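What follows draws every value from the coordinates through simple rules; no lab data is involved. Just so it is clear, the model here is predicted, and its values are computed rather than measured. Reconstructed Cβ throughout: ideal geometry from the backbone, glycine too, with neighbour counts over all protein chains shown.
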Amino acid sequence: MDQTELLKAVNAIRWAHRIDLGGGIITPGDWNTPEILLRLQLPQDLSGQTVLDIACWDGFYSFAAEQRGAERVLATDSFIWQGGQKEGFLLAQRVLQSKVEEAEIDVLDLSPERVGVFDVVLFLGVLYHMKHPMLALERAASVTKRLLIVETVVDLRLPGKALAFYPGSELGRDETNWFGPTPAAVEGMLRAVGFSRVERVWPSAGRLRLWRALSLFGSKAVKRAVFHAYR
Ligand SMILES: C[S@@+](CC[C@H](N)C(=O)[O-])C[C@H]1O[C@@H](n2cnc3c(N)ncnc32)[C@H](O)[C@@H]1O
């Protein structure tokens, strides 16, 4: 495919992710930025590691893991791919000549028998979409050998280890958003599904205190946080 054809193909797709396809072509999604990649603290060197990207959408993080040397990457999704939005992933995979593997599978169907187990598992932007968040984390834990990275919405309005429930479309006008846990709830849930060490890597304690304080004065109380959970 030449650059003109590639540009035409890129422009025909509704992208979520900004993926650098080379030759000056970057897909026009708006979700992931270099800043978010830093926040995730995805290891710079993944050589020799196997990586599972659960609910990958266009696959930005899968391709990033491959570019960081991962030995095997499996990209999975179901909801958005089954809704007809898999072309982005497939095009990027082809253009990048990527060896990232793919499986169309629901989070709740993940198991060692179905997909195997992986050194590093990415669970990014998924937890709050789950109607059964503990079950989803159990499934993610079941396929994690060493490190699970969770990026999620956190709701700072509630105290302690509480979860806000969004039965309608109150979070982001999106009916597929169900729960916003507090940061302490996410940590507790990760321990409850079997991780021995859980660290919040974003935001820092100081920034979290600031967010909480500002939320009392009307600033947005639903934020995003990143956790690393180790076996
Ligand atoms: C907010 S997007 C996050 C995409 C990507 N992980 C990221 O961080 O940019 C949520 C993703 O979860 C997927 N998803 C939602 N429910 C799912 C389910 N039950 N099983 C598998 N994927 C699901 C959607 O298809 C979508 O790709």
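Given the Cα-Cα distance of LEU135 and LEU210 and 0.36 nm per residue of separation, how much length would full extension add, in nm? Walk me through the numbers before you get to the answer.
Details: separation 75, 0.36 × 75 = 27.00 nm, distance 3.18 nm.
Value of the extension gain: 23.8 nm.
Pick out which of SER98, SER78, SER196 has the largest mean-square fluctuation in a Gaussian network model of the chain, springs linking Cα atoms closer than 10 Å.
Highest fluctuation among the options: SER196.
Roughly how many debye, to the nearest 20, is the charge dipole of the stretch 39-230 about its Cα centre, given +1 on each Lys and Arg Cβ, -1 on each Asp and Glu Cβ, and no other charges? Working shown, then result.
On the way: 23 positive and 22 negative charges, 196 e Å.
Its charge dipole is roughly 940 debye.
Along Cα→Cβ, 7 Å out, is where each label goes; now give me the distance between the ones at THR33 and GLN3 in nm to one decimal.
That separation, rounded to one decimal, is 2.7 nm.
Using a Gaussian network model of the chain with C-alpha springs under 10 Å, which one of TYR61, TYR128, TYR166 is most mobile by mean-square fluctuation?
Looking only at TYR61, TYR128, TYR166, the largest GNM fluctuation is found for TYR166.
Residue separation times 0.36 nm, minus the C-alpha to C-alpha distance between PHE165 and GLN97: what's the value? Intermediate values should be presented prior to the final figure.
On the way: separation 68, 0.36 × 68 = 24.48 nm, distance 4.17 nm.
Length gained between PHE165 and GLN97: 20.3 nm.
Tell me, in nm to one decimal, what length is gained between TYR230 and GLU175 on full extension, where the rule is 0.36 nm per residue of separation less the Cα-Cα distance?
16.7 nm
Taking θ = phi - 60°, what integer Hz values does the Karplus form 6.51 cos²θ - 1.76 cosθ + 1.60 yield along the stretch 169-184, in sequence order, with x for Gly and Pro?
10, 5, 9, x, 6, 10, 6, 8, 9, 10, 9, x, x, 6, x, 5
Can you list the residues of the stretch 81-99 with backbone N under 18 Å from a point 7 Å past the Cα of ALA12, pointing along Cα to Cβ?
84-96
Among all the lysines, which ones have a C-alpha under 20 Å from LYS161's C-alpha, if same-chain residues fewer than 8 places away are not counted?
LYS131, LYS220, LYS223
Can you give me the long-range amide H partners of VAL73? Hydrogens built in the peptide plane at 1.01 Å from N, cutoff under 5 Å, separation of 5 or more residues or another chain.
Answer set, sorted by chain and number: VAL51, GLU101.
Specify which residue in the list SER111, PHE165, LEU208 is farthest towards the positive end of the charge dipole of the chain, using unit charges on the beta carbon of Lys, Arg (+1) and Asp, Glu (-1), about the Cα centre.
LEU208
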